[in-house]
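S.K.: To start, I am sharing the structure in question, which I have written as structure tokens.
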Amino acid sequence: MVSHIDIRSVKAAAQGQWQGLLSACGVDVPAKGKHGACPICGGTDRFHFIDDHGNGDWHCRQCDNPNHGDGFDLLMKVKGITVIEAAKVVSEALLLPLPEPKPARKEALKSEAQPITEKVNKLVAQSTIGQSDYLTQKGLQCPNQKLLKDGSLLLVIQALDGTITGAQVIKPSGEKRFVPGSKKKGSFIPLSPVIGTPDTIIIAEGYATALTVDQLHEGLVLAAIDEGNLPTVAKQIRERWPTVKIILAADNDWHSPEELDDKGKPKKNVGKIAAEKTAKAINGWVALPPTEHKADWDDYRQHHGIEAAKQAFSEGLYQVGENMSVSKSIVINLDEHRTKERDPLKPFIDERKNGIYYVTPKVDKESGEIINHEQWLSDSMKVIGRGRDDIEFYLIIQWEEDGTTYTEAVKTGDVGANEGWRQLKAAGLNIALNLFYVTRYRIGYNAVLKNRLAHYPLNRLAAWGLHLPNGRGDWHSREVRYLLWQNIINTRVYRGRNA
């Protein structure tokens, strides 16, 4: 726990290492005894990194008082954290290989004694293989990940020629940092070996997004780390493979038109802009999550389910034309699917008042007429909204039986899977014994079509209950209560009756 950290012990361990420690904690300072830009207020040479006694001492001519201190003071001021939190950050950084202090010019060559490759290989050797808590919280099951002692996810970064250029560490909380000495520009995290000549290469920003995109579309998937690195990575790929199809799986950094940034200027959709500029430069494609809120493709999967995400990704692919402004938005309106003509011989799901049916059209060999073979799947139901608590995303599903309305929350990861159907059946929904045709398509895709669904922020009670914001204990037409069994991860939801 943070409160149990012995600050004096951490300070003693950090003695003489502040140059590397600050870099590992994401704070750039000039070499010992030199002047440079202040990590707090900027400038060019107002900041002096003194560090005479190995305590990371510093002074800034422009900062508000206090404008000097030791390494802990600098870290606290830059990150806006307490001394205990700063001690925790430093103690964690001490577990990683630290860069050597910046040398004088005569000793520049000696600073290359430990290349980044050796540092990363050492961390890989110390790591274990397992499931990352960070990915588990996102609903991604990937049990073959490299994990450090504290459970952090270790991701090796490489160049296109396979050279290791660094590593990214993601803590269970989602906090990200690079191993000191990593070179991000032009580097990426591959989900599989970069060999041969791929037909399609998909470039996402973050690693979790890349893992999701790998399930949405065929191709070699790379994580470029952030939108600023997309152009460099994509350009290198285009130069190596002139004819390969390149897809930029963009982050939709959506904002309302009136939103302003910290400087009072209108916000920009930087993820979309970066992807479209890059696609135009290398003749690539863009896939943008069709949302009216900030979301990447992993967020979209968590909200809508994997099948709906596949549909949106494939049908949302577009190229940026020569005369098209990158500020324009191409977003699929999924409501259009309701009015599109259906292939008369393609099986489909038909929702009726008395139930949901899987219909298989077949042509009669004698008459030539199309005959529909129908299979009843379940009682009629509808998706009335989406919800989330501090851990999971849910679809709020409702149906009626004998004049009583039942409401159930199903985790998006369980939608269409056996776990989801078992939950609905246990709650009283009549479901066909053969669930072969009852897939995620029925609930997950229908939920996407209803893109004006209400959103329910769910609150967790004690360790076993959830309720909607009004805090009432009875059942209301806009309120659902959930009783949880065993633990938060293995959740079984009982039904609640509306008043």
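S.K.: Please list, in chain and number order, the residues 5+ apart from residue 430 or on another chain whose amide H is under 5 Å from its amide H, with Hs placed from the backbone.
M.R.: The list, which skips near neighbours in sequence, is 379.
S.K.: How much length, in nm to one decimal, is gained on full extension between residue 422 and residue 127, taken as 0.36 nm per residue of separation minus their Cα-Cα distance?
M.R.: 102.4 nm
S.K.: To continue, here is another question. Ranked highest first by average number of other Cβ atoms within 10 Å, how do 195-205, 286-296 line up?
M.R.: Listed from highest to lowest mean packing, they are 286-296, 195-205.
S.K.: Could you check the spin-label model distance between residue 136 and residue 245? Points 7 Å from the Cα along Cα→Cβ, value in nm.
M.R.: Simple spin-label model gives 3.7 nm for this pair.
S.K.: Taking the alpha-carbon distance from residue 425 and a cut-off under 24 Å, which lysines remain once sequence neighbours fewer than 8 residues away in the same chain are dropped?
M.R.: In chain and number order, the partners are 353, 382, 411, 450.
S.K.: Name all residues of the stretch 270-286 having a backbone nitrogen under 19 Å from the label point set 7 Å from the Cα of residue 294 along its Cα→Cβ direction, giving them as ranges.
M.R.: 270-276
S.K.: Shifting gears a bit: Go through the stretch 146-155 residue by residue and turn each phi into a ³J(HN,Hα) via Karplus (6.51, -1.76, 1.60, θ = phi - 60°); whole Hz please, and just put x for glycine and proline.
M.R.: For the stretch 146-155, the Karplus-derived couplings read 7, 10, 7, 4, 8, x, 5, 7, 9, 10 Hz, x marking Gly and Pro.
S.K.: Okay, next question. Using a Förster distance of 41 Å, how high is the FRET efficiency between residue 431 and residue 258, based on the Cβ-Cβ distance and rounded to 0.05? It would help to have the intermediate numbers written out before the result.
M.R.: On the way: r = 46 Å, r/R0 = 1.13.
That pair, residue 431 with residue 258, gives E of 0.35.
S.K.: Let me ask something additional. Highest mean first, how do 212-223, 37-48, 255-266, 347-358 rank when packing is the count of other Cβ atoms within 10 Å averaged over residues?
M.R.: 212-223, 37-48, 347-358, 255-266
S.K.: With equal scatterers on the alpha carbons only and no solvent term, can you work out the Debye log10 of I(q)/I(0) for the stretch 151-227 at 0.14, 0.15, 0.17, 0.24 1/Å?
M.R.: Reported log10 I(q)/I(0), two decimals: -0.43, -0.50, -0.64, -1.17.
S.K.: Sticking with this one: Of the peptides 172-178, 130-136, 19-25, how do they stack up when ordered by the mean number of other Cβ atoms within 10 Å, highest first?
M.R.: 19-25, 130-136, 172-178
Since every read-out is calculated from the coordinates, none of them should be taken as a lab result. Not measured: the values here are computed from a predicted model. Using ideal geometry, Cβ is built from the backbone for each residue, glycine included, and neighbour counts are taken over all protein chains shown.
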